[in-house]
Amino acid sequence: MQLQEYINRRLADGRIASDVATIINHLADAAIAITQTIRVSGIEKDLGAETGAANADGDEQKALDVMAEEIIITHLKNTATSHILSEEQDAPIATGQDGKVMVAIDPLDGSSNIAVNVTVGTIFSLMPRQDAPVACAGRDQLAAGFFTYGPQTTLIFAFASDTAPQCFILDERHNQFIAMGGAVEIPPETKEYAINAAYSEHWFAPVREWMGHVLAGHDGAYGKPYRMRWVGSMVADAWRIFQRGGVFLYPGDNRKGYADGRLRLVYEANPISFLVEKAGGMAINGCEDILDLQPQSLHQRTPVILGAKQEITRLKALHYQYR
């Protein structure tokens, strides 16, 4: 089944509005254009080269960061999107359209991996238009998802009315996204985890204790061996969890400026947490469900711990214990 047919079925049964459908279709077209840019432009231009500019959070922008954002904005300006909230920009971008939907985007997640040919992606969140504009709590998202650009270009997304996310893969011969598998479900138990262990000396007590049990394997409190997987691109690590289970952790730590983690609530944590809960998993910042957080600013950061219910429940209990 093609993406267009999938969307049309939801339009037909009244589960989504036409403006939301159009936005998803245009985001898919943008992802196809980004895929083509990566395949062709990488030969003639260093897509991982720094541009000399910085984004709203002070991170050095790569060439592909800028190109991906320009492609997405161009496509969204042809929809009923009223404002585009981009991780790369200080303020919302008004499109001039009087629509009822705002779209938050991380145009290129994992851009530090461009130069070494590791999977990167685009994360998106559709939200009801609000005054200011300000971002809504994660539970109020209209739809959310992400694309990955790697050996294959893939898409996983869900509408608010869906009970589970659906995955698609790009058939580059015909520039069509085709459904793969059925409804996505994250198994409640796992033996795989993703975390950047380089920062272990800086972790707060709950994560240190959980990791101690994990590393003890059969002799630990959890009584099983675990395997670590870490790509360093959130979309790549998340895609793996949606395909075969696991947990992902980017916790806060005691380094200066990292107490609230590094990931952005609006652009990264909320969209992927939306998908995780739809798939039967959990997503927390420690003690709270991420989707219950009300963003106080567009570039607010949050610790992110998500995936298999059993492990996230354990981590949540440990965070309460050390409060």
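The values are calculated or read from the model by the stated rules, or taken from the named source; none is laboratory data. All of these numbers come straight from a predicted model, not from anything done at the bench. Virtual Cβ from ideal backbone geometry, glycine too; neighbours counted across all protein chains shown. All accessible areas refer to the heavy atoms of the entire protein, side chains included, with ligands and DNA or RNA removed. Shrake-Rupley method; radii C 1.70, N 1.55, O 1.52, S 1.80 Å.
Just the residues that are open to solvent by less than 20 Å² (accessible area, probe 1.4 Å), within 18 Å of N113 (Cα to Cα) and in contact (Cβ under 8 Å) with a residue 60 or more places away in the chain, please, taken from region 233-258.
S233, M234, V235, A236, A238
If a residue must be within 17 Å of Q130 (Cα to Cα) and either open to solvent by 40 Å² or more (accessible area, probe 1.4 Å) or of a type in the set (A, V, I, L, M, F, W, C) (or both), how many such residues does region 74-93 contain?
Selection size over region 74-93: 6.
Collect the residues in region 275-293 that are in a helix (DSSP H, G or I) and not basic (K, R), keeping them in residue-number order. Break it down stepwise before answering.
Of the residues in region 275-293, the ones in a helix (DSSP H, G or I) are 275-278, 290-292.
L275, V276, E277, I290, L291, D292 - these are the residues of region 275-293 that are in a helix (DSSP H, G or I) and not basic (K, R).
Somewhere in region 297-312, is a residue in contact with a strand residue (DSSP E or B) (Cβ under 6 Å, 6 or more places away or on another chain), crowded, with 19+ Cβ neighbours inside 10 Å, touching a residue at least 40 places away in the same chain (Cβ under 8 Å) and polar (S, T, N, Q)?
No, because not a single residue in region 297-312 is in contact with a strand residue (DSSP E or B) (Cβ under 6 Å, 6 or more places away or on another chain), crowded, with 19+ Cβ neighbours inside 10 Å, touching a residue at least 40 places away in the same chain (Cβ under 8 Å) and polar (S, T, N, Q).
On the given criteria, is T163 touching a helix residue (DSSP H, G or I) at 6+ places or on another chain (Cβ under 9 Å), in contact (Cβ under 8 Å) with a residue 60 or more places away in the chain, of a type in the set (S, T, N, Q) and surrounded by 20 or more Cβ atoms within 10 Å (Cβ to Cβ)?
On the way: touching a helix residue (DSSP H, G or I) at 6+ places or on another chain (Cβ under 9 Å): yes; in contact (Cβ under 8 Å) with a residue 60 or more places away in the chain: yes; of a type in the set (S, T, N, Q): yes; surrounded by 20 or more Cβ atoms within 10 Å (Cβ to Cβ): no.
Answer is no for this residue.
If you scan region 1-37, which residues turn out to be more than 17 Å from T79 (Cα to Cα) and outside any helix (DSSP H, G or I)?
Hits for region 1-37 are M1, Q2, D13, G14, R15.
Out of all the residues in region 43-69, which are closer than 24 Å to T153 by Cβ, open to solvent by less than 40 Å² (accessible area, probe 1.4 Å), modelled with pLDDT under 65 and not polar (S, T, N, Q)?
Hit for region 43-69 is G48, nothing else.
Suppose we filter region 294-308 for residues that are in a loop (DSSP other than H, G, I, E, B), within 19 Å of F248 (Cα to Cα) and of a type in the set (A, V, I, L, M); how many remain? I'd like the intermediate steps shown before the answer.
We begin by selecting, within region 294-308, every residue in a loop (DSSP other than H, G, I, E, B); these are 294-300, 303, 308.
When the remaining residues are screened for being within 19 Å of F248 (Cα to Cα), the result is 303, 308.
Restricting the remaining residues to those that are of a type in the set (A, V, I, L, M) gives 308.
The number of residues fulfilling the criteria is 1.
For region 207-232, what are the residues that are of a type in the set (K, R), open to solvent by 30 Å² or more (accessible area, probe 1.4 Å) and assigned to a loop (DSSP other than H, G, I, E, B)?
R229
Is it true that some residue in region 128-144 is open to solvent by 40 Å² or more (accessible area, probe 1.4 Å), touching a Gly at 6+ places or on another chain (Cβ under 8 Å), outside any strand (DSSP E or B) and more than 27 Å from K62 (Cβ to Cβ)?
Within region 128-144, one or more residues are open to solvent by 40 Å² or more (accessible area, probe 1.4 Å), touching a Gly at 6+ places or on another chain (Cβ under 8 Å), outside any strand (DSSP E or B) and more than 27 Å from K62 (Cβ to Cβ).
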